[in-house]
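Asker: One structure coming up, written as structure tokens, with questions to follow.
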Amino acid sequence: MAEKILLWMTVNGEARSAEVFPMARLLDVIREDWGLTGTKEGCGEGECGACSVILDGVLVNACLIPAVQAQGGELLTVEGLARKGELDPLQEAFLHHGGAQCGFCTPGMLMAGTHLLAQGGPGDEAEARAGLAGNLCRCTGYNRIVDAVLAARREHP
Amino acid sequence: MRGQPSACEVHTPETLAGALAFRAGNPDWRPLAGGTDLMVPFAAGRLGDQRFLNLWGLRELKGILASEDAVLIGALASYRAIAAHPVIQARLPNLVASARATGALAIQGRGTLGGNLVNGSPAADSPPSLLVYEAEVELASVRGGRWIPYAAFHTGYRANAMAPDELLTCIRVPLPPEGGVHYFRKVGTRQAQAIAKLSLAGWALPRQGRLAEIRLALGSVAPVPVRALHAETVLRGAPLSALPLSAAREALQADIAPIDDLRSSARYRRRVAGNLLEEALAALI
């Protein structure tokens, strides 16, 4: 039996901690220990992007990060996008353009889109598609998702 | 998840010296870099190991340093850092193409070149480019460091030349002469996230109407990434106006030993390897 570690992170701007096994997946810590169930588990092997979060400014798959490697990190999950009950511009654009169907991929798409916007992109549709290429939508609603990200860039340059 | 975090111990050294000292006494603890490869079998319960040497925090291994004649890539440099480096972009474009063909953004920001090489998948995207650029790798232990050609690193399917107490710490990529032409193509089921059915990297130096130098390497067509030395021999020195295409295609078949697996068939791989060679030559001249 391994010893647990005290994992502490800044999560959506707030300090949080959890006693977890070092090889616990960050995805499970986010969902089970912190109750932030917006982050989804799809494939659990880094293929689908449903668990995308932003860790220290880098878009990552939370299913592939052992807790021990997240120690002291700054984490942004989908719950951190809205402020005081107000959706952020990318979330508004998803609503306006019909970027969500069943909704399962939506949190990951929003995080990949947020990362793209934070990097100053996407400059064009090709960049938007490349930036979202690690996120699968099984409803295949890609066009509207791409439209939403491009609209968020146009309207909030 | 079927993996058992409760059964797993992790040691996290603060310095490279600390990591090497620990490794010397505990060679069976599996080195863990960015985790993008290892976490998959771990979570599925397919990884036998339950003790990990966590290297992720070692800043000494994250840098990329360009000198006059080479680029030194720390083992923990991410694909994203490699693809964004100005000297790599200008002089080693196949490495940029390989890095961008690896997974998708979330993998590229986390996965490391050193981790990828030690993981040893013959389908990995960067090895053909490293072979073509005649890279070297540094293996370090408490006994000291040594450099070996990357071409000698993989010794068999998922086996490598590292001693049990060594860690791969750095990849040195010599800058090829300017004026050369670079080619990289990965064939997969999809542009992002796919694991290669096969891949081919090439570099050639045309001079005075001839193919003065040519290097070719392939992934996913043998137990290890391979240099296509037979095909190179047929092509080296040939006049650009009359390259021996069919002889080169035939020679290439002796360089590769593909198998049937879930991603493709040996027959497809042999055929498409030849097609990629022709496409590369068309691009290289």
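Asker: Looking only at segment B:255-274, which residues are open to solvent by less than 70 Å² (accessible area, probe 1.4 Å) and in a helix (DSSP H, G or I)? Before you say what the answer is, go through the steps one by one.
Answerer: Taking segment B:255-274 and keeping what is open to solvent by less than 70 Å² (accessible area, probe 1.4 Å), we get B:255-258, B:261, B:264-266, B:269, B:272-274.
B:Asp255, B:Ala266, B:Arg269, B:Val272, B:Ala273, B:Gly274 - these are the residues of segment B:255-274 that are open to solvent by less than 70 Å² (accessible area, probe 1.4 Å) and in a helix (DSSP H, G or I).
Asker: Going by the structure shown, is A:Glu19 touching a Lys or Arg at 6+ places or on another chain (Cβ under 6 Å), closer than 23 Å to B:Glu9 by Cα, surrounded by fewer than 17 Cβ atoms within 10 Å (Cβ to Cβ) and modelled with pLDDT of 95 or more? Give the derivation first.
Answerer: On the way: touching a Lys or Arg at 6+ places or on another chain (Cβ under 6 Å): yes; closer than 23 Å to B:Glu9 by Cα: yes; surrounded by fewer than 17 Cβ atoms within 10 Å (Cβ to Cβ): yes; modelled with pLDDT of 95 or more: yes.
Considered against the rule, which asks whether it is touching a Lys or Arg at 6+ places or on another chain (Cβ under 6 Å), closer than 23 Å to B:Glu9 by Cα, surrounded by fewer than 17 Cβ atoms within 10 Å (Cβ to Cβ) and modelled with pLDDT of 95 or more, A:Glu19 comes out as yes.
Asker: Let me ask you something else. Filter segment B:24-41 down to residues that are charged (D, E, K, R) and either open to solvent by less than 20 Å² (accessible area, probe 1.4 Å) or under 19 Å from the mean Cα position of the chain (by Cα) (or both), then give me how many there are. Explain how you work it out, then say what you get.
Answerer: Step one: list which residues in segment B:24-41 are charged (D, E, K, R), which gives B:28, B:30, B:37.
Keeping just the survivors that are either open to solvent by less than 20 Å² (accessible area, probe 1.4 Å) or under 19 Å from the mean Cα position of the chain (by Cα) (or both) gives B:37.
Result for segment B:24-41: 1.
Asker: Given the conditions (1) open to solvent by less than 10 Å² (accessible area, probe 1.4 Å); (2) within 14 Å of chain A (Cβ to nearest Cβ), and given that B:Ala217 satisfies all but one, which numbered condition is not satisfied?
Answerer: (2)
Asker: Here are the criteria: (1) over 13 Å from the mean Cα position of the chain (by Cα); (2) under 20 Å from B:Ala104 (Cα atoms); (3) surrounded by 16 or more Cβ atoms within 10 Å (Cβ to Cβ); (4) away from every other protein chain (no Cβ under 11 Å). Tell me which single one A:Pro66 does not satisfy.
Answerer: The single condition A:Pro66 does not satisfy is (4).
Asker: Count, please, the residues in segment A:42-63 that happen to be more than 23 Å from A:Ala15 (Cβ to Cβ), within 9 Å of chain B (Cβ to nearest Cβ) and open to solvent by 30 Å² or more (accessible area, probe 1.4 Å). Even if it seems obvious, please write down each step before you answer.
Answerer: Step one: list which residues in segment A:42-63 are more than 23 Å from A:Ala15 (Cβ to Cβ), which gives A:42-50, A:61, A:63.
When the remaining residues are screened for being within 9 Å of chain B (Cβ to nearest Cβ), the result is A:44-49, A:61, A:63.
Next cut, open to solvent by 30 Å² or more (accessible area, probe 1.4 Å) only: A:45, A:47.
Counting residues in segment A:42-63 that are more than 23 Å from A:Ala15 (Cβ to Cβ), within 9 Å of chain B (Cβ to nearest Cβ) and open to solvent by 30 Å² or more (accessible area, probe 1.4 Å) gives 2.
Asker: Which ranges mark the strands (runs of 3 or more DSSP E) fully within segment B:150-211 that have 1 or more residues being under 19 Å from B:Val137 (Cβ atoms)?
Answerer: In segment B:150-211, B:154-156, B:167-174, B:198-207 are the strands (runs of 3 or more DSSP E) which contain 1 or more residues that are under 19 Å from B:Val137 (Cβ atoms).
The values are calculated or read from the model by the stated rules, or taken from the named source; none is laboratory data. Since the model is a prediction, treat every value here as computed from it, not as a measurement. Glycine gets a Cβ as well: all are built from the backbone with ideal geometry, and neighbour counts include every protein chain shown. These area figures cover heavy atoms from the full protein model, side chains too; ligands, DNA and RNA do not enter into them. Shrake-Rupley method; radii C 1.70, N 1.55, O 1.52, S 1.80 Å.
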